[in-house]
1. Give the residues of the stretch 98-116 that are assigned to a helix (DSSP H, G or I) and either surrounded by fewer than 20 Cβ atoms within 10 Å (Cβ to Cβ) or among the polar types (S, T, N, Q) (or both), sorted by residue number.
2. Can you list residue pairs whose Cβ atoms sit under 7 Å apart, with the first residue in the stretch 70-85 being in contact (Cβ under 8 Å) with a residue 24 or more places away in the chain and the second being outside any helix (DSSP H, G or I) and open to solvent by 20 Å² or more (accessible area, probe 1.4 Å)? Count only pairs 6 or more apart in sequence or on different chains.
3. Being open to solvent by 40 Å² or more (accessible area, probe 1.4 Å), farther than 23 Å from residue 127 by Cβ and modelled with pLDDT of 95 or more narrows it down to one residue among 2, 82; which is it?
4. So, in the stretch 117-138, how many residues would count as being outside any helix (DSSP H, G or I) and either at pLDDT 90 or above or open to solvent by less than 40 Å² (accessible area, probe 1.4 Å) (or both)?
5. Looking only at the stretch 43-78, how many residues end up being farther than 15 Å from residue 33 by Cα and either of a type outside the set (A, V, I, L, M) or in a helix (DSSP H, G or I) (or both)?
Amino acid sequence: MYIYVPHIALLILVPVAVILVLKFLAVGQWITARAAGIEDVSLAALIGMRLRKVPPAQIVNPLIAAVKTGVDVNVHQLETHYLAGGSVKGVILALICAHRAHIPLSFQKAAALDLQGVNVLEVVQMSVQSNNIDARLR
């Protein structure tokens, strides 16, 4: 049996190329976002993240957590905060904590505090504890 050499090359190169393209596009993160009901994350946005050297998982996973808990943020805000050197996960956890405790905290305020070096989650948790202590004293 004779196998033409270019066919073997195609059998090897095509799957490798497909795997590399899928890895670059972060299709897994796109599927995760779609499964979670997040329409804000497009393949184009994920490609842009890759080109800007932003790990899609560090944006998509906190975005899913925020949206599922009712915190109003979008992918562009999170990516901008990441590129500014902020802790996306820390800010989102602080916003979720504040949202659950009915403490008004905007993404802009939390991000600004985070960029100043403040541990926003710790501040929110202290505020929640303070409110709990005040409620018990009444």
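1. Let us first name the residues in the stretch 98-116 that are assigned to a helix (DSSP H, G or I), namely 98-100, 107-115.
Passing the criteria: 99, 100, 107, 108, 109, 112, 113, 115.
2. 74/40; 75/40; 83/52
3. Working: 2 fails: modelled with pLDDT of 95 or more.
Going through 2, 82 in turn, just one is open to solvent by 40 Å² or more (accessible area, probe 1.4 Å), farther than 23 Å from residue 127 by Cβ and modelled with pLDDT of 95 or more: 82.
4. So the first thing to find is which residues in the stretch 117-138 are outside any helix (DSSP H, G or I), and the list is 117-119, 138.
Still in the running and either at pLDDT 90 or above or open to solvent by less than 40 Å² (accessible area, probe 1.4 Å) (or both): 117-119.
Counting residues in the stretch 117-138 that are outside any helix (DSSP H, G or I) and either at pLDDT 90 or above or open to solvent by less than 40 Å² (accessible area, probe 1.4 Å) (or both) gives 3.
5. First pass over the stretch 43-78, keeping only residues farther than 15 Å from residue 33 by Cα: 48, 50-54, 70-72, 77.
So of that shortlist, the ones also either of a type outside the set (A, V, I, L, M) or in a helix (DSSP H, G or I) (or both) come out as 48, 50-53, 70, 72, 77.
Residues flagged as farther than 15 Å from residue 33 by Cα and either of a type outside the set (A, V, I, L, M) or in a helix (DSSP H, G or I) (or both) within the stretch 43-78 amount to 8.
The values are calculated or read from the model by the stated rules, or taken from the named source; none is laboratory data. Everything numeric in this text was worked out from a predicted model, so none of it was measured. Heads up, the Cβs are rebuilt from the backbone with ideal geometry, glycines too, and the neighbour counts pull from every protein chain shown. Accessible surface is based on the protein model in full, side chains and every heavy atom, while ligands, DNA and RNA are left aside. Shrake-Rupley method; radii C 1.70, N 1.55, O 1.52, S 1.80 Å.
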